[in-house]
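Chemist: Could you have a look at this structure, given as structure tokens, before my questions?
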Amino acid sequence: MSFAAQFPTDVSHERVHNAVKVELEARFMLPGGAEHACQIVEMSTGEMIFSTPIVPRYGDRIVVYILELGRFEGDVERNVEGGFAISLRLTETKHRKLAAQLVWFANRDVFELPESRRHKRIVPRMQWTRMKLPDGKEKVVRINDFSLSGVSVEAAAVVAVGDRVAFGLKTAIVGRVFEAGFVAEFEEPFRDGDLTETTRL
């Protein structure tokens, strides 16, 4: 039986508004425990679209882990060209957090203006500092480098795109997560001349 044939033809799926195009590497787990790599290509607070050759069944509960955003669960609701879509199961808190993260993705070009990319990166003399996480806890982290507009941090701390972190009074929004840390954009950039290798966050 084909994937498409498994879907009831009389089900009207509620269209999800404010979907954001993304390109996020992820892994998902099927009900039987098999895991597969995939790419998330579109998201909203109600739906997630996968690009993958794997064909799950309609109604299957899917667990997905996205490095930048964390863990999600949802039920397979329809097939799309080159993949499938799930309807997300979110708590109110997770819903609000994802909505904020999607706003960041939708406006990510604002964080990547040519002017920002031209800012010189500086490796500080004192690379260790304390960072306040979104839950208020503090963690000692290592700064790889910073610029007038942002900072690259080496940390095992669990953060996601859109999270607000603080280095003293300097706050920043996480814009990209990688295996060993993350990159964040300062909410108030430094002014020219205010940032040197002796600056401490």
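Chemist: Longer than 28 Å from Cα to Cα, which of 94/132; 97/137; 94/120; 21/94; 97/120 are they? Say none if no pair is.
Modeler: Numbers: 94/132 20 Å; 97/137 18 Å; 94/120 36 Å; 21/94 19 Å; 97/120 31 Å.
As for pairs spanning more than 28 Å Cα to Cα, those are 94/120; 97/120.
Chemist: If a paramagnetic tag sat 7 Å from the Cα of residue 89 along the Cα-Cβ line, which residues of segment 28-53 would have the backbone N under 13 Å from that point?
Modeler: Counting backbone N atoms under 13 Å from the label point, the list is 31.
Chemist: Pull up all non-local amide H partners of residue 145: gap of 5 or more, or a different chain, and H-to-H distance under 5 Å with H placed in the peptide plane.
Modeler: Amide H neighbours of residue 145: 152.
Chemist: Enumerate the amide H contacts of residue 176 below 5 Å, restricted to partners 5 or more residues apart or on another chain; note that Pro and chain-start residues carry no placed amide H.
Modeler: 183
Chemist: Over 21 Å apart: what share of the alpha carbon pairs of segment 111-186 falls there, rounded to a whole percent?
Modeler: On the way: 506 of 2850 pairs.
In whole percent, the long-distance tail amounts to 18.
Chemist: Just to check I understand the Karplus step: with θ = phi - 60° and J = 6.51 cos²θ - 1.76 cosθ + 1.60, what whole-Hz values come out for segment 131-148, glycine and proline as x?
Modeler: Per residue, the Karplus-derived 3J(HN,Hα) values read 10, 8, 7, x, 8, x, 6, 10, 9, 7, 10, 10, 8, 6, 6, 9, 9, 4 Hz.
Chemist: At 7 Å along the Cα-to-beta-carbon direction for both residue 128 and residue 18, put a label point, then send me their distance in nm to one decimal.
Modeler: 4.2
FYI, it's all coordinate maths here, none of it is from the lab. Everything numeric in this text was worked out from a predicted model, so none of it was measured. Neighbour counts are summed over all protein chains in view; Cβ atoms, including those assigned to glycine, are modelled from backbone coordinates with ideal geometry.
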